[in-house]
1. Determine whether Asp173 is assigned by TED's automatic domain parsing to the domain that holds Cys268 and loosely packed, with under 14 Cβ neighbours inside 10 Å.
2. Yes or no: Lys132 surrounded by 19 or more Cβ atoms within 10 Å (Cβ to Cβ), charged (D, E, K, R) and away from the ligand (no atom under 16 Å from the Cβ)?
3. If you go through segment 62-92, how many residues are polar (S, T, N, Q) and in contact (Cβ under 8 Å) with a residue 60 or more places away in the chain?
4. Considering only residues that are more than 15 Å from the ligand (Cβ to nearest atom) and hydrophobic (A, V, I, L, M, F, W, C), which ones fall in segment 63-84?
5. For segment 194-222, name all the residues that are in a helix (DSSP H, G or I) and of a type outside the set (D, E, K, R).
6. Every residue in segment 39-62 that is within 16 Å of the ligand (Cβ to nearest atom) and out of contact with any Cys (no Cβ under 9 Å at 6 or more places or on another chain), please.
7. Pick from Asn166, Asn121, Asn159, Asn151: which is closer than 24 Å to Val196 by Cα, modelled with pLDDT under 95 and either assigned by TED's automatic domain parsing to the domain that holds Tyr205 or buried (at least 18 other Cβ atoms within 10 Å of the Cβ) (or both)?
8. Give the residues of segment 203-222 that are touching a Phe, Trp or Tyr at 6+ places or on another chain (Cβ under 8 Å) and either surrounded by fewer than 19 Cβ atoms within 10 Å (Cβ to Cβ) or more than 13 Å from Thr186 (Cβ to Cβ) (or both), sorted by residue number.
Amino acid sequence: MKTLIKNCNLISMSEKKEKYEECVDILINNDKIEKIDKNIIKENCDKVIDARGKVVMPGLINTHTHIAMSIFRDTLDGYGLQEWLNDRIWPMEDKLNQEDVYYASLLSCIEMIKGGTTCFNDQYFMTDSTIKAVLQTNMKIHCTRALMNVNGNGEEKLNELEQLINKYSGYDDNIKINVGIHSLYTCTKEYVKKAVELAKKYNLYVHMHFAENSKELEDIKRIHKTNAPINLLEEYFKGIDLVLAHCVKVQPKEMNRLKNLKLSVAHCPVSNLKLGCGIAKIKDFMVNGINIAIRN
Ligand SMILES: [Zn+2]
């Protein structure tokens, strides 16, 4: 099938072409871009889209989501992170079923597509239901079964994740599973080590919340018996690809240690402002050559 997009404003990530071109045509042949040029003739095209006044660009990637939480949006304002999570969100999540997670995920997929996001990195549970929504909307997902063991059932969650890894291996190019550790304040040292072993076994990256607010850092110090939570990143995750969400409370003097890790920071300013956590020192990360991704 040949599709021709006419007269679009193109933002290209190509090294060979201009980054921005006005009023160009794009010829797509069976899901592959065949030609980008001015005035491509529309004969033999099955579909022609008039994109005058519109932008065509690569899809955005949302690097930290819990998309099924869209149904909780605007229900809880004015709480700090721990009260919001422990006392409000987790009790509501206990009542969710597969159908809730499916429809909530579908809602978020539709919203993301409308905003230009085509791929996202999700950390939640009932993952099959989120994947079902993704397959239906032709999006791409990196996802997991969120791991934590402070409230019990840690082993079950690990088993569930390993089953997901095997189930979706080679299943669909748009579905990728990673190892989602909820955080160091909800996981013991022994449990984190088991999760990292799983990441090594299947050559997967780890996606985790880190340094979202000051209380979290105090909890990590107590649970993991350390003076500096940043030490744990070096101890537990050496050689592992890491996506760390938030990183609000990482100090500038700690940056030059982080750059020795295989780390990307998922910057989440909207969440951080909603829960009164502050803003990550993005410029300091960038000056130290640490990759910054964004939750849009
Ligand atoms: Zn999160």
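1. Spelling it out, Asp173 is indeed assigned by TED's automatic domain parsing to the domain that holds Cys268 and loosely packed, with under 14 Cβ neighbours inside 10 Å.
2. When the stated conditions are applied, Lys132 does not pass them.
3. Step one: list which residues in segment 62-92 are polar (S, T, N, Q), which gives 62-63, 65, 70, 75, 82, 86.
Next cut, in contact (Cβ under 8 Å) with a residue 60 or more places away in the chain only: 62-63, 65, 82.
Summing the residues that are polar (S, T, N, Q) and in contact (Cβ under 8 Å) with a residue 60 or more places away in the chain in segment 62-92 gives 4.
4. Residue satisfying the conditions is Ile71 alone.
5. First, the residues of segment 194-222 that are in a helix (DSSP H, G or I): 194-202, 214-222.
Ala195, Val196, Leu198, Ala199, Tyr202, Ser214, Leu217, Ile220, listed by residue number.
6. Pass one, segment 39-62, residues within 16 Å of the ligand (Cβ to nearest atom): 61-62.
If the condition is that a residue be within 16 Å of the ligand (Cβ to nearest atom) and out of contact with any Cys (no Cβ under 9 Å at 6 or more places or on another chain), then no residue fits.
7. Details: Asn166 fails: modelled with pLDDT under 95; Asn121 fails: modelled with pLDDT under 95; Asn159 fails: modelled with pLDDT under 95.
Unique residue meeting the criteria: Asn151.
8. Val206, Asp219, listed by residue number.
The values are calculated or read from the model by the stated rules, or taken from the named source; none is laboratory data. Everything quoted here is computed from the prediction, not taken from an experiment. So basically every Cβ, Gly included, is an ideal-geometry build from the backbone, and we count neighbours across all protein chains shown.
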